[in-house]
Structure formats: structure tokens, C-alpha cells
Amino acid sequence: MTLGGVIVLLSIGAAFVAPHWPYSEQVLVPAIQEAFKTKVTIQSFHRHYFPHPGCDAEGVSLTFPQNAQGERTVVAVQRSASRTLPRSRSAP
């Protein structure tokens, strides 16, 4: 197989995988909102495909509905990372 053929196959594979990627902002935000019954905002979101599939989210805020006293709770996370495979660690 030529280099051009490999590039074409990789492009087709990427075009198929990208919409079904489990670590996308469009998938994670609704899942978090459903799990915590809250509004979720993310300032910065980056997907990672290779060599460690996953994502990084920065500036994550969970804003809970007002309680009976009119108080609103906001939880802020500066940085969150999710990986599907553990990174190899060298021994000390």
C-alpha cells in the first residue's frame, strides 16, 4: 500500500470516529448536567486522540438551582482531565 493510500484510509477512519467520540464536549456536558441536575459551563475543551485518548476541560462550572432561601451554589473546577488508558510511569 502506498503512502497516499494509508493517508486516505486514516482520513476515512478519522471521519468515522470523530462524530462518535465519547470524550467530546457535546457528549460530556449533557451527561454531567443530567447526573448532577445542574447547569454546566466549560471555558476551554480539548480532545486527545493519540497516544492517550481522552479530553481536558478547563474552567468547568456547575451552577445549581436556587434553594428555598434563594441561595445558589456554584462549584468551579480549574482543570479536569479524562483518559481512557493509563499513562506509563517510569520507576524511580
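Residue 32 passes every criterion in (1) out of contact with any helix residue (DSSP H, G or I) (no Cβ under 7 Å at 6 or more places or on another chain); (2) of a type outside the set (Asp, Glu); (3) assigned to a strand (DSSP E or B) apart from (3). Could you please let me know if residue 32 is in contact with a strand residue (DSSP E or B) (Cβ under 6 Å, 6 or more places away or on another chain), at pLDDT 80 or above and either closer than 17 Å to residue 77 by Cα or not charged (D, E, K, R) (or both)? Yes.
Of all the residues in the stretch 38-76, those that are farther than 14 Å from residue 27 by Cα, of a type in the set (Phe, Trp, Tyr) and surrounded by 14 or more Cβ atoms within 10 Å (Cβ to Cβ) number 1. When the stretch 38-53 is limited to residues that are in contact with a Cys (Cβ under 7 Å, 6 or more places away or on another chain) and not hydrophobic (A, V, I, L, M, F, W, C), the one that is nearest to residue 74 (Cα to Cα) turns out to be 46. Looking for something within 14 Å of residue 77 (Cα to Cα), of a type in the set (Gly, Ala, Ser) and not in a helix (DSSP H, G or I) - is there at least one such residue anywhere in the stretch 7-29? Scanning the stretch 7-29, I find no residue that is within 14 Å of residue 77 (Cα to Cα), of a type in the set (Gly, Ala, Ser) and not in a helix (DSSP H, G or I), so the answer is no.
The values are calculated or read from the model by the stated rules, or taken from the named source; none is laboratory data. Quick caveat, the model's predicted, so the values are computed rather than measured. Glycine gets a Cβ as well: all are built from the backbone with ideal geometry, and neighbour counts include every protein chain shown.
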